[in-house]
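Worksheet: the structure to be examined is printed underneath.
The values are calculated or read from the model by the stated rules, or taken from the named source; none is laboratory data. This structure is a prediction, so every number in the text was calculated from the model and none was measured. Here the Cβ positions follow ideal geometry from the backbone for every residue, glycine too, while neighbour counts run over all protein chains shown.
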Amino acid sequence: MISRSRKSGKRIRLTNKTNCPSFDNCNAPLCPLDPSSLANGVFYGDEEVCRARKFASLPWIKKQKKIAKLGLSVDDGFFTVKMLNSIRALTKNLEGADPDDFESEEKWLKQRLEKRVRVSQKRGNNKAGNKEMRGNSIAKKRNNLVFATNTSNQEIGGEL
């Protein structure tokens, strides 16, 4: 790996070993220093996660650690960096892509996208209903009326 020094601007040669002291002993299948593992590698929930503090803040490494805590096994499927980056919330019923299906990563990503669209549409309908209710309560308050719910014992429109 070749990089430019921040101070001098000179090109310097960096090796994975200088960037990560445990590079030779690490068994993590997805390594931030190995471009081929990021492009083609897969992660199962019971595999090792990168331990380098330098990379602990990467979102996909944080998600790997959470998946490992869930106790997922090989039977629960695999995850790629692209899949890890697409996950917004981790739940205990999370499943990875099927290792026996060649196109499972694309199918998994497509299913997540479709689900996300359905949920956002459903939330959009709920938000419209909430705005309508808020508008009614504001109108009642403007007329100097006390807003009461249906379960209240107070007369609707009564004054305090």
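Side notes on the structure shown:
- Residue among K69, K82, K54, K65 that alone is among the charged types (D, E, K, R), free of Cβ contacts under 8 Å to residues at least 60 places away in the same chain and closer than 20 Å to R112 by Cα: K82
- When K17, K7 are checked against the criterion of being modelled with pLDDT under 85 and in contact with an Asp or Glu (Cβ under 7 Å, 6 or more places away or on another chain), K17 stands alone in meeting it.
- Considering only residues in the stretch 83-116 that are touching an Asp or Glu at 6+ places or on another chain (Cβ under 7 Å), closer than 16 Å to N40 by Cα and not hydrophobic (A, V, I, L, M, F, W, C), the one that is surrounded by the fewest Cβ atoms within 10 Å (Cβ to Cβ) turns out to be S104.
- Subset of the stretch 68-82 [surrounded by 17 or more Cβ atoms within 10 Å (Cβ to Cβ) and out of contact with any strand residue (DSSP E or B) (no Cβ under 7 Å at 6 or more places or on another chain)]: L72, D76, T80, V81
- Residues of the stretch 21-75 that turn out to be among the aromatic types (F, W, Y) and within 20 Å of G96 (Cβ to Cβ), as a count: 3
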